[in-house]
Amino acid sequence: MAAVARWIAESVQEILQISGLTLQAFLVLCAIFLLTCVIFKRSRNLPPYPAGRVPVLGHLLALGRAPHLKLTAWRRQYGDVFTVRMGMEDVVVLNGYTAVKDALVDRSELFASRPPNCLFDAVTGFGKDLASVPWGAAIRQRRKFTTTALKVLGMKVGSGGIGEKIREEAGFLRSRVAEYEGKPFDVAYDLNVAVANVICSMVIGRRYDYKDETFRELSEAVVTVAVKLAAGQIISFFPWLRFVPGVNRARVELLEQNARLQKVLGEELSRHREHLDRENPRDFLDFGLLELEKQEKVEGLTGEIVMHMAQNLFLAGTETASNTLRWSLLYMVLHPTVQKNVPCAFVQEELDAVVGAILPTLSHRSQLPYVNACLMETMRIRTLLPVSLPHATTQDVKVSGYDIPKGTQVLVNLYSIHKDPAYWPDPDRFDPERFLDAEGNVITKPESFLPFSAGRRVCPGEQLAGMELFLFFSTLLQSFTLSAPEGAPPANTDGVFGLTLTSPPFKLCATPR
């Protein structure tokens, strides 16, 4: 009992440090929690709770700063389906390929909605975007419209695709990296610019120079929005905290940076209105403005909705691909012995044999299995969204014998899928050959591999991201040998959990080949 009391005391102290709450406020929250438990009895057949709940915050403290690791550890004890208490709310967690496939693929529409989230909703316009809208006609129409527009704009393989623009941007990136002349540098910003230029060309019809100060500020705003969305999640569980000075700091900074992004997109929307060519739409904003006039495919479309949809594409399209590229380059750097045998040399030998001296093209993709395997292994070992954006059930549903009420928030632990030793032996080892068959060909649809999630809420930019990752990665590995700066300690690969699993800052040397 003494040990339990000591643990609770230490937990309370850490809660106060993390949240900025006073002891008095914490005690008030405890009283509210106990009263709520009396008034609202928990459903009798929800999945089990793991140990580690504390009053008011539930499992938030136990989840810590790396919730994907804790959820995966709990899976070994409580099974693929369990319930965590997030503040005052029960949240069902799905782990492992079987449970996730059953929900997101086999019964996708039953898990296709989104729960309310005051922080996320404030950024996305309270239902005016693509990511946060509850399931229904509005989100179906917006997703279909967006996917169609992106395909017309080139999100496809073959003639008329955006592959040449990505290839051209890969050339700019190669030139930019060459300017460092093999000296140590942090590649993060340059990758952000390269990836952002691709999505910018599709969304707003322009690209930025790598030294453009305006874009540097916007890039920092994108990163800040992603970081603060994660840092301020306690406000999502206790919305009234947004009015508490100090505690609401993350929310204030988030909204300030988000306003900067919206200002730029709003100005672009106004500029597009002035120069709209109705016969030849150039980018996503043009398509949005045309639909705004016709009101044929998206019911109730407004200029504000168009702007928020564009913002979704910009945020998601920049943060995800650039982050994955950083991880892929870091794993090349972390295997110096690999430079002469695996995987870097295999990558470079493949590129030299198949591509030669020209820049890689998408037509080379099917001929470069090891390049593809390295990227797939990166997405497996460092799942970009270890815990997917929250889902919500659209009706009462039974999962693994448990009853999940309509509107229940559901978290999908994608990390548990990609680190499952039943599918991936020695899952913490970086091994691209997992994705190659006996003949050396890429295994195109391996089980227990869902880097872009699945079902009705699957990432709409999956195909675009695949093209970007291939062309940027192959161009850099064709042109440079990557290594750690002399004397530098090995970079940490734990990652920083936020909206995405971000690599820690690191420097590399890119020596021209």
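Bear in mind these aren't lab numbers, they're just calculated from the coordinates by the rules spelled out. Small disclaimer: the values here were computed from a predicted structure and weren't measured. Cβ sites come from the backbone with ideal geometry, for glycine too, and all protein chains shown count toward neighbours.
Brief remarks follow.
- Counting only residues at least eight positions apart within a chain, or on another chain, the aspartates and glutamates with an alpha carbon under 13 Å from that of residue 228 are 220, 253, 256.
- Taking the Cα centre of the stretch 2-512 as reference, the dipole from Cβ charges on Lys and Arg (+1) and Asp and Glu (-1) amounts to some 1420 debye.
- Label corresponding to log10 I(q)/I(0) by the Debye sum over Cα atoms at q = 0.06 Å⁻¹ when calculated from the structure given, among (1) -0.67; (2) -0.29; (3) -0.40: (2)
- Residue (of 125, 265, 410) at the positive-pole extreme of the chain, dipole from beta-carbon charges: 410
- Helix-only mean residue ellipticity at 222 nm for the chain, each DSSP H run of n ≥ 4 adding -39500 (n - 2.57), per residue, nearest 500: -15500 deg cm²/dmol
- Size of charge dipole - the stretch 188-266 - debye, nearest 20, with Cβ of Lys, Arg +1 and Asp, Glu -1, no other charges: 260 debye
- Loop-located trypsin sites (Lys or Arg not before Pro) across the stretch 410-496 with a Cβ neighbour count of 12 or fewer within 10 Å are 429, with loop assigned by DSSP.
- Rounded to the nearest whole Hz, the Karplus-based 3J(HN,Hα) values (6.51 cos²θ - 1.76 cosθ + 1.60, θ = phi - 60°) of the stretch 277-288 follow the sequence 9, 5, 8, 9, x, 9, 7, 4, 4, 4, 4, x, with x at glycine and proline.
- Inter-label distance for residue 429 and residue 98, nm, one decimal - labels placed 7 Å from Cα along Cα-to-Cβ: 2.6 nm
- The stretch 89-207, dipole about Cα centre (Lys/Arg Cβ +1, Asp/Glu Cβ -1), debye to the nearest 20: 600 debye
- Computed from Cα positions, the angle between helix 2-19 and the longest principal axis of the chain comes to roughly 60 degrees.
- Phi-based couplings in Hz for the stretch 495-511 (Karplus 6.51, -1.76, 1.60; Gly and Pro marked x): x, 10, 6, x, 5, 10, 8, 8, 5, x, x, 8, 10, 9, 10, 10, 8
- Take the Cβ atoms of residue 511 and residue 361, set R0 to 22 Å, and the FRET efficiency comes out at 0.35.
- Amide H partners (placed H, <5 Å) of residue 404, local residues excluded: 397, 398, 399
- Whole-Hz ³J(HN,Hα) from phi, Karplus 6.51 cos²θ - 1.76 cosθ + 1.60, for the stretch 417-430, glycine and proline x: 5, 7, 10, 7, x, 5, 10, 10, x, 6, x, 8, 8, 7
- The stretch 79-93 versus the stretch 103-120: alpha-carbon centroid distance in Å: 15 Å
- Pairwise label distance in nanometres, residue 51 with residue 89, each label 7 Å out on the Cα-Cβ vector: 2.8 nm
- Amide proton proximity set for residue 113, modelled H, under 5 Å, gap of 5+: 135, 392, 394
- In a DSSP loop and with at most 16 other Cβ atoms within 10 Å, the GluC sites (Glu not before Pro) in the stretch 400-457 are 439, 447.
- Projected label distance in nm at residue 294 and residue 220, using a 7 Å step from Cα toward the beta-carbon: 4.2 nm
- The stretch 2-512: relative contact order as a whole-number percent, Cα under 8 Å and 6+ apart: 22 percent
- C-alpha long axis of helix 213-231 to longest principal axis of the chain, angle in °: 30 degrees
- Flagged links, alpha-carbon separation over 18 Å, of 263/297; 101/419; 419/507; 165/507: 263/297; 419/507; 165/507
- Helix 369-381 axis, angle to the chain major axis (alpha carbon atoms, nearest 10°): 20 degrees
- Each of 243, 495, 154 was scored by the projection of its Cα onto the charge dipole of the chain, and the greatest displacement toward the positive side belongs to 243; charges sit on the C-beta of Lys, Arg, Asp and Glu.
- Segment residue 441-residue 493, extension gain: residue separation times 0.36 nm, minus the distance between their alpha carbons: 15.9 nm
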